[in-house]
Amino acid sequence: MEHDDETNHGNQLSTTLAWFSIALGATELAAPRVVRRLTGLPESTEPVLRALGAREIAHGISILVRMHLHEASDVAELLDYP
């Protein structure tokens, strides 16, 4: 039972990280000027912030997809047993 609690906590943490990555990426993509000003970066970094935002969104999505595929493989394993 303790293992299940640890697994659930890990899944919750992964989900939170994924959605945080997506939100951060969306902010960098949609408002690079605001992010630049808040972080004190030079104006020339706005295109880089947009690219990093797109990458961050992709990372968040990949975390969610991997979690879903892992859950699907667990179900498939259960179906293999008589």
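Here the calculated FRET efficiency for His70 and Arg37, from their Cβ-Cβ distance with R0 = 30 Å, stands at 0.15, rounded to the nearest 0.05. Remark: the range 10-22, residue by residue, has Karplus-estimated 3J(HN,Hα) of x, 5, 5, 5, 5, 5, 4, 4, 4, 5, 5, 4, 5 Hz, where x stands for each Gly or Pro and the curve is 6.51 cos²θ - 1.76 cosθ + 1.60 at θ = phi - 60°.
Can you give the extra length, in nm with one decimal, that the chain gains between Ser14 and Ser62 once fully stretched, where that is 0.36 nm per residue apart less the Cα-Cα distance? Provide the component values of the computation, followed by the final result.
Details: separation 48, 0.36 × 48 = 17.28 nm, distance 1.09 nm.
Value of the extension gain: 16.2 nm.
Taking the beta-carbon count within 10 Å as an exposure proxy, list Ser62, Ser44 from fewest neighbours to most.
Details: Ser62 12, Ser44 8.
Ordered from fewest to most neighbouring Cβ atoms within 10 Å, Ser62, Ser44 come out as Ser44, Ser62.
FYI, it's all coordinate maths here, none of it is from the lab. Computed from a predicted model, the values in this text were never measured in an experiment. With ideal geometry, Cβ positions are generated from the backbone for all residues, glycine too; neighbour counts draw on all protein chains shown.
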